[in-house]
Amino acid sequence: MRLESLSTMKRPIGLWIFAALAVFAAEPATTVPKRVAIPAPPRPNPAKLRRTLMDLLACVTNGLAGAHFGIDVIQLSTGKTLAQYNSQNQFGSASNAKLYSTATALVRLGPDYRYETRVSAAVAPDADGRLAGDLYFIGGGDPTLASRTYPLGQGQPPGQHLRDIEALADQVVAFGVKRIDGAVIGDDTAYPKDLYPTGWTVDDSTFDYGAPVSALTIHDNLLTVRLSAPLAAGALTSVTLDPPLEYFTIDNRVTSGSDTKVRIERTPGSRQLLLSGTVAAGATFWDGVAIDDPARYAATALADALERRGVSIRNGIATRSRGVEETPDALNAPVVLAKRVSGPLPTILQVIDKISHNLYAELVLREVGRSVNGAGTRQAGITEVYKLLWEAGVRTECCYFQDGSGLSRQTLISPLSAAKLLEYMYHSKYRDTWWTLLPIGGVDGTLGKHFDKNPEAKRIRAKTGSIAHVATMSGYVESTTWGPLAFSVLINNYNSETAEATLLLDKLALALLE
């Protein structure tokens with residue numbers, strides 16, 4: 001047996017190797033783990049997003065059924081367009097125009113920009129406090145003078161509206177002025193006199209949202225009229241003004257009644273108010289009424305503050321303005337008696353975008369024009385808006401601007417231009433500041449009461465806008481699927497309540513969150 005085994009071992013070694021391999025191959029396959037193919041996660045499908053948006057538009061009824069819609073959605077991480085619908089068509093903008101004016105102001109003026117208002121004279125007062133000649137109240141375009149508290153530009157409590165004017169008057173008196181032999185002159189020549197942009201209506205000019213635009217602006221260029229109704233039916237209401245300046249002549253025919261229905265009329269260009277209707281017995285009604293001549297209004301307020309401090313003014317008040325085609329005349333008033341410097345520009349821009357303030361938007365537009373080329377005109381500011389759009393890669397024929405606020409019915413924008421502007425600002429060095437200007441969904445500003453308290457709406461930051469037959473929303477969404485998005489949704493020519501259009505805008509924005 002042993003000899004046989006030895007002889008067997010003398011077989012060629014190659015045969016042993018072959019046999020071993022054969023045994024190994026015969027082992028069950030389960031001893032070697034198989035490589036399992038893992039399917040790649042499905043790519044997000046923009047077609048699904050587009051269908052969702054289009055389905056929402058397809059379900060509109062009543063007055064929205066015949067409306068004109070426009071949509072543009074851009075993925076900010078890639079620059080890819082995810083959805084478009086009539087995106088290059090022009091639409092009435094309403095307050096979405098403020099995105100263009102505030103973006104231009106931030107880029108052209110910079111976040112550290114501040115406005116300056118001065119009270120000056122040709123000579124200093126003499127030893128007896130006599131100021132020979134006139135005292136000039138010189139506007140520098142500051143929207144915040146005697147208007148609001150910050151941040152967010154909340155209105156000041158009654159009786160505090162002219163505190164900045166009071167502070168300027170204190171400075172003048174501290175300089176030694178006791179008597180002015182000339183007049184207190186409201187000077188708004190920093191901008192040409194162009195009170196109302198093209199496309200604003202006569203009705204707009206009566207109320208706070210349509211206040212006139214001037215380089216010398218105080219208290220938003222308005223007076224608040226308050227009507228208090230006695231308990232006796234049919235009795236005449238009492239009238240108070242805030243600030244309490246003798247500026248308007250008032251014909252009050254409002255009486256105490258069962259409900260409140262007040263009509264306020266002011267003949268354009270006049271300082272006469274006609275008040276009619278009723279205020280519910282025991283109740284108080286108030287409304288802001290725009291003044292007609294901002295420079296005169298400001299001069300009136302400063303003169304009143306000076307006189308209450310014992311300063312005599314020989315020649316009352318006057319104004320100094322210039323026409324749109326005129327260049328500023330040199331003013332010989334080198335002695336600065338008082339000065340006020342505004343807060344930084346972002347606090348002003350936040351008021352424009354958060355609470356949609358028309359006058360602030362118009363003033364920063366003109367300041368851009370003055371800063372860039374010294375003109376201070378509405379058109380000079382609009383030219384810079386077009387230039388910024390060109391820098392953002394948008395054809396300038398996409399839009400047509402007549403103002404900076406969107407109150408003009410002639411101002412037109414496209415969804416594409418709005419989304420591209422938002423994309424440009426998102427990638428700019430001003431992004432962190434820009435981000436803080438916009439209302440947050442369900443939290444503050446004009447979006448504070450939107451989205452029906454949906455907690456996810458906090459991922460939406462957008463500017464809204466509405467005037468007759470126009471509702472708009474443009475801004476940013478933090479999408480679960482697509483990451484940060486820039487979007488614009490514009491609705492024109494609807495014939496229903498604004499609330500219905502607003503609800504649709506909310507649904508479209510919430511759909512982008514997914």
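The values are calculated or read from the model by the stated rules, or taken from the named source; none is laboratory data. Note that the coordinates shown come from a computational prediction; the quantities given were computed from them, not determined experimentally. In this analysis, Cβ positions are derived from the backbone assuming ideal geometry, glycine residues included, and neighbour counts consider all displayed protein chains.
Things to note:
- Condition met for Ala318 (closer than 16 Å to Arg179 by Cβ and not acidic (Asp, Glu)): no
- Taken over the range 465-489, the criterion of being touching a Gly at 6+ places or on another chain (Cβ under 9 Å), under 11 Å from Ala419 (Cα atoms) and among the hydrophobic types (A, V, I, L, M, F, W, C) is satisfied by Met473, Ala486, Phe487, Val489.
- Look at (1) surrounded by fewer than 24 Cβ atoms within 10 Å (Cβ to Cβ); (2) out of contact with any helix residue (DSSP H, G or I) (no Cβ under 8 Å at 6 or more places or on another chain) and you find that Leu416 fails only one, number (2).
- Tyr136 meets each of the listed conditions (1) over 30 Å from the mean Cα position of the chain (by Cα); (2) within 23 Å of Lys387 (Cβ to Cβ) apart from (2).
- Scan the range 388-422 for residues that are free of Cβ contacts under 8 Å to residues at least 40 places away in the same chain and charged (D, E, K, R) and the total you get is 3.
- Residue check, Leu82 outside the structural domain of Ile138 (by TED's automatic domain parsing) and assigned to a strand (DSSP E or B): yes
- Each residue in the range 494-514 was checked for being crowded, with 21+ Cβ neighbours inside 10 Å and part of a loop (DSSP other than H, G, I, E, B), and 2 of them qualify.
- Selection of first residues in the range 285-314 that are basic (Lys, Arg) and of second residues that are surrounded by fewer than 20 Cβ atoms within 10 Å (Cβ to Cβ), restricted to Cβ pairs under 7 Å at least 6 apart or on distinct chains, gives the following pairs, ordered by first then second residue: Arg309/Val173; Arg314/Asp181; Arg314/Gly182.
- Considering the range 446-460, the residues that are in contact (Cβ under 8 Å) with a residue 24 or more places away in the chain and crowded, with 23+ Cβ neighbours inside 10 Å include one that is farthest from Thr502 (Cα to Cα), namely Ile460.
- Residue satisfying all of: in the range 165-205; among the hydroxyl-bearing types (Ser, Thr, Tyr) and in a loop (DSSP other than H, G, I, E, B); farthest from Arg118 (Cα to Cα) among these: Thr201
- The set of residues in the range 193-216 that are in contact with a Ser or Thr (Cβ under 9 Å, 6 or more places away or on another chain) and β-branched (Val, Ile, Thr) contains only Thr198.
- Test: residue in the range 326-336 that is within 24 Å of the chain's Cα centre (by Cα), loosely packed, with under 14 Cβ neighbours inside 10 Å and either part of a loop (DSSP other than H, G, I, E, B) or outside the structural domain of Ala215 (by TED's automatic domain parsing) (or both): no
- For Glu384: the one exception among (1) surrounded by fewer than 24 Cβ atoms within 10 Å (Cβ to Cβ); (2) out of contact with any Gly (no Cβ under 8 Å at 6 or more places or on another chain); (3) in a helix (DSSP H, G or I): (2)
- Residue match in the range 461-472 (condition: free of Cβ contacts under 8 Å to residues at least 40 places away in the same chain, over 21 Å from Asn86 (Cβ atoms) and in contact with a strand residue (DSSP E or B) (Cβ under 9 Å, 6 or more places away or on another chain)): yes
- If the condition is being surrounded by fewer than 17 Cβ atoms within 10 Å (Cβ to Cβ) and in a loop (DSSP other than H, G, I, E, B), then the range 41-74 contributes Pro41, Pro42, Arg43, Pro44, Asn45, Cys59, Thr61, Ala65, Gly66.
- Residue ID - farthest from Ala83 (Cα to Cα), chosen from residues in the range 409-459 that are outside any helix (DSSP H, G or I) and aliphatic (A, V, I, L, M): Val443
- Residue in the range 364-373 that is more than 30 Å from Gly176 (Cα to Cα), crowded, with 24+ Cβ neighbours inside 10 Å and of a type in the set (Asp, Glu) present: yes
- Being of a type outside the set (A, V, I, L, M, F, W, C) and in a loop (DSSP other than H, G, I, E, B) is true of Gly404.
- Residue list for the range 404-447, filter: more than 16 Å from the chain's Cα centre (by Cα), within 19 Å of Asn492 (Cβ to Cβ) and not small (Gly, Ala, Ser): Arg409, Gln410, Leu412, Pro415, Leu416
- Summed over the range 251-262, residues that are surrounded by 13 or more Cβ atoms within 10 Å (Cβ to Cβ) and within 30 Å of Ala305 (Cα to Cα) total 1.
- Restricting attention to the range 130-148, the residues that are surrounded by fewer than 16 Cβ atoms within 10 Å (Cβ to Cβ) and in contact with a helix residue (DSSP H, G or I) (Cβ under 9 Å, 6 or more places away or on another chain) total 0.
- Some residue of the range 258-265 being of a type in the set (Asp, Glu) and modelled with pLDDT of 95 or more: yes
- Residues of the range 115-129 satisfying the condition of being in contact (Cβ under 8 Å) with a residue 12 or more places away in the chain and either out of contact with any strand residue (DSSP E or B) (no Cβ under 9 Å at 6 or more places or on another chain) or surrounded by 16 or more Cβ atoms within 10 Å (Cβ to Cβ) (or both): Tyr115, Thr117, Arg118, Val119, Ser120, Ala121, Ala122, Pro125, Gly129
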